[in-house]
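Working notes, beginning with the structure itself.
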Amino acid sequence: EELITQITKHYKQAFLIQMYKIIGSAEILGNPISLLSNMGTGVSDFFTEPMKAIATSPADFGSGLKRGTTSLVHKSVYGIANSAGKVTGGLAHLASFFTFDEEYQREWATAYRSARGQPTGAVDSFQRAAQNAGSGVVQAL
């Protein structure tokens with residue numbers, strides 16, 4: 001009886017952990033696990049880069065602080081922008097579903113898949129965002 005209780009307890013815990021992973025990586029929620037991972041890496045770099053630099057030479061503290069701060073800002077901005085993009089993409093997909101127009105849904109899915117390539121830089125990212133927002137407004141009308 002105790003063995004069955006232990007096995008049941010183990011599988012319940014494993015199931016809950018898997019559910020947290022599934023919910024945490026849900027695109028419609030902006031993939032919170034990815035957001036926390038990116039931000040956590042940035043925070044870690046913010047503290048470890050200056051420490052690594054000081055261990056090498058106290059004069060390198062400034063360059064280590066610069067690297068750590070740069071990493072924190074880049075990874076935080078990337079994580080937030082990536083999550084926001086996933087939320088808006090998920091909502092756009094949901095909105096296309098509620099049009100109940102199969103032809104439009106196919107066109108939207110094709111356009112969405114072709115636009116998913118990684119942007120080459122910040123300017124490309126903003127251009128794509130503006131283009132997608134503009135075309136979404138035009139299509140909605």
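A single member of A130, A92 is under 25 Å from the mean Cα position of the chain (by Cα), at pLDDT 70 or above and either of a type in the set (F, W, Y) or assigned to a helix (DSSP H, G or I) (or both), and it is A92. Note on the stretch 57-67: residues that are out of contact with any helix residue (DSSP H, G or I) (no Cβ under 7 Å at 6 or more places or on another chain) and surrounded by 12 or more Cβ atoms within 10 Å (Cβ to Cβ) amount to 1.
Pairing residues of the stretch 77-104 that are more than 27 Å from L36 (Cα to Cα) and open to solvent by less than 80 Å² (accessible area, probe 1.4 Å) with residues that are small (G, A, S) and part of a helix (DSSP H, G or I), at Cβ distances under 7 Å and at least 6 apart in sequence or on separate chains, gives Y104/S96.
The values are calculated or read from the model by the stated rules, or taken from the named source; none is laboratory data. Predicted, not measured: the structure shown is a model, and the values here were computed from it. Positions of Cβ are backbone-derived with ideal geometry, glycine not excepted, and every protein chain shown enters the neighbour counts. Ligands, DNA and RNA are stripped out before the accessible areas are found, and what is left, the full protein with its side chains, is counted by its heavy atoms. Shrake-Rupley method; radii C 1.70, N 1.55, O 1.52, S 1.80 Å.
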